[in-house]
Amino acid sequence: MTLRLATRSDIPALQRLRLAVRENTLSDSSRITEADYIAAQETLGRTWVIEVNGEIAAFATGYNTGSIWALFVHPDHEGRGHAKALYSTMVNWLWSQGHERLWLTTEPNTRAERFYIAQGWNPCGIVHGELRLELASGP
């Protein structure tokens, strides 16, 4: 397993992985474009991948604004600690940007919601049909 920053050449694999997930699925596969992935990893924030045997098994994107845009693990690679490894790397980077509070939105009543709550995130209401979660720095 290798955890590294994503490159443009990873984008086709990120797109395939994003379409393979079982929760928080895209209803329109053209909704997130190659340009969106490029902006996410080069301008708006950073994207990390976990590579297993030469294939992208998981990825995560944190935005400079203190938000999490993506954390996805391919169904064939679930339960191997990839989400926690990416999460730790991403959140540490977000804290290093000087944020006092991080935020994200996800579909309610999902494994993602349970994962983030288990990491200490707090539900803050529904925004445009998605659950907003926040994590404050320090006590």
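The values are calculated or read from the model by the stated rules, or taken from the named source; none is laboratory data. All of these numbers come straight from a predicted model, not from anything done at the bench. Cβ placement follows ideal geometry from the backbone for every residue including glycine, while neighbour counts extend to all protein chains displayed. Remember, those area values only see protein heavy atoms, side chains included, never the ligands or the DNA or RNA. Shrake-Rupley method; radii C 1.70, N 1.55, O 1.52, S 1.80 Å.
Roughly how much of E100 is accessible, in Å² to the nearest 10, using a 1.4 Å probe?
Approximately 140 Å² of E100 is accessible to the 1.4 Å probe.
Excluding W48 itself, what net charge comes from residues whose Cβ is under 12 Å from its Cβ, given Lys and Arg +1 and Asp and Glu -1?
In short, 0.
Relative to the longest principal axis of the chain, what angle (0 to 90°, nearest 10) does the C-alpha long axis of helix 82-96 take?
On a 0 to 90 degree scale, this one is about 60.
Check each of the trypsin sites (Lys or Arg not before Pro) in the range 7-97 and keep only those in coil by DSSP with at most 16 other C-beta atoms within 10 angstrom; list them in order.
R22, R31, R80
Sort D10, D76 by accessible area with a 1.4 Å probe, largest first.
Greatest to least solvent exposure: D76, D10.
So what J values fall out for the range 47-57 if you push phi through Karplus, 6.51 cos²θ - 1.76 cosθ + 1.60 with θ = phi - 60°, rounded to Hz, Gly and Pro as x?
10, 10, 10, 10, 10, 10, 6, x, 10, 6, 9
Compute the angle between helix 11-20 and the longest alpha-carbon principal axis of the chain, please, reported from 0 to 90 degrees and rounded to the nearest 10.
The answer is roughly 70 degrees.
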